[in-house]
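The next block holds one structure in the form of structure tokens; read it before the comments.
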Amino acid sequence: MIFHIIDLGHDIFKKNDKLAAKNREKFKKHKVFTVNVMGAIGSGKTTLISLAIEKLKKEYNVAVIAGDVIADMDASRFSQLGIPTIPANTGKECHLDANIVNQSLNRVNLDEIDILFMENVGNLICPADFDLGEDLRIVVVSVSEGDDIVLKHPVVFQKADIAVINKIDIADAVDVDTEKMVKDVAYLRPGIPILKTSKKQEETIDLWVSEIIKAYNAKSF
Ligand code: MG
Ligand code: ZN
């Protein structure tokens, strides 16, 4: 995977921001609430999104754009949940951008969607720099990435609305101090909601889903 952040000129970001604004307008027009989920490969993005979808789909029409470098493994996990799933193959790009999202939107009926998840490509660096037009930006890290992972990737946390520290059930096994990770996030982004989750602890998943619903309810279209 190539992290080409250093080579990107300002006009690439400007062009992206323009398209993101268009996406945002489109989402607003069709009353779609959008959630951009960022995080490294293996942090548990797909699992957390799937668990949220299972609960949300009882009350909301949910869809997902599954950003992936090549394979569509995540996309098939989502489509098994019986919701509209758009695999967004980014080729060798290591992030979703506003253009890929814009093109993906042609493949769904936005009027039939309340909440649209966008699972970003797995890395903690360049996805932070690409606005997709989303309402809510979530960053997921897992304890298995080590407790210095947060401070090593300040930008993605500084630009997030919610931070999730996942796989807390294995923190002791991997000798990681979860509270250090919480403190680091709070230092980088004071006041941000910080969730500690594990798919094995249902109450943490309920909290994760309720944070999304809270943000959805706070949005006025
Ligand atoms: Mg995934
Ligand atoms: Zn990238």
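The values are calculated or read from the model by the stated rules, or taken from the named source; none is laboratory data. This is a predicted model, so every value here is computed, not measured. Here the Cβ positions follow ideal geometry from the backbone for every residue, glycine too, while neighbour counts run over all protein chains shown. Ligands, DNA and RNA are excluded from the accessible area calculation, which covers all protein heavy atoms including side chains. Shrake-Rupley method; radii C 1.70, N 1.55, O 1.52, S 1.80 Å.
Here is how the numbers come out for the structure above:
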{"read-out": "Entirely in segment 1-95, the helices (runs of 4 or more DSSP H) that have 1 or more residues that are at pLDDT 95 or above, of a type in the set (Gly, Ala, Ser) and within 16 Å of ligand 2 (Cβ to nearest atom)", "value": "10-29"}
{"read-out": "Segment 185-205, residues that are touching a residue at least 40 places away in the same chain (Cβ under 8 Å) and assigned to a helix (DSSP H, G or I)", "value": "Ile205"}
{"read-out": "Failed item in (1) surrounded by 23 or more Cβ atoms within 10 Å (Cβ to Cβ); (2) without any contact (Cβ under 8 Å) to a residue 24 or more places away in the chain, with Val182 passing the rest", "value": "(1)"}
{"read-out": "Residue list for segment 185-212, filter: more than 18 Å from Gly42 (Cα to Cα) and either open to solvent by 50 Å² or more (accessible area, probe 1.4 Å) or among the polar types (S, T, N, Q) (or both)", "value": "Tyr187, Arg189, Pro190, Gly191, Gln201, Glu202, Glu203, Thr204, Asp206, Leu207, Ser210"}
{"read-out": "Count of segment 111-133 residues which are more than 16 Å from ligand 2 (Cβ to nearest atom) and either open to solvent by less than 10 Å² (accessible area, probe 1.4 Å) or not in a loop (DSSP other than H, G, I, E, B) (or both)", "value": "7"}
{"read-out": "Test: Asp148 is of a type in the set (Asp, Glu) and within 20 Å of Val62 (Cα to Cα)", "value": "no"}
{"read-out": "Some residue of segment 35-55 being within 18 Å of Phe221 (Cα to Cα) and hydroxyl-bearing (Ser, Thr, Tyr)", "value": "no"}
{"read-out": "Residue list for segment 152-167, filter: more than 18 Å from Gly191 (Cβ to Cβ) and either small (Gly, Ala, Ser) or surrounded by fewer than 19 Cβ atoms within 10 Å (Cβ to Cβ) (or both)", "value": "Lys152"}
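For (1) in contact with a His (Cβ under 9 Å, 6 or more places away or on another chain); (2) among the hydroxyl-bearing types (Ser, Thr, Tyr); (3) open to solvent by less than 70 Å² (accessible area, probe 1.4 Å); (4) in contact (Cβ under 8 Å) with a residue 60 or more places away in the chain, each residue gets a yes or a no:
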| residue | (1), (2), (3), (4) |
| --- | --- |
| Lys58 | no, no, no, no |
| Ala75 | no, no, yes, no |
| Ile86 | no, no, yes, no |
| Gly91 | no, no, yes, no |
| Leu96 | no, no, yes, yes |
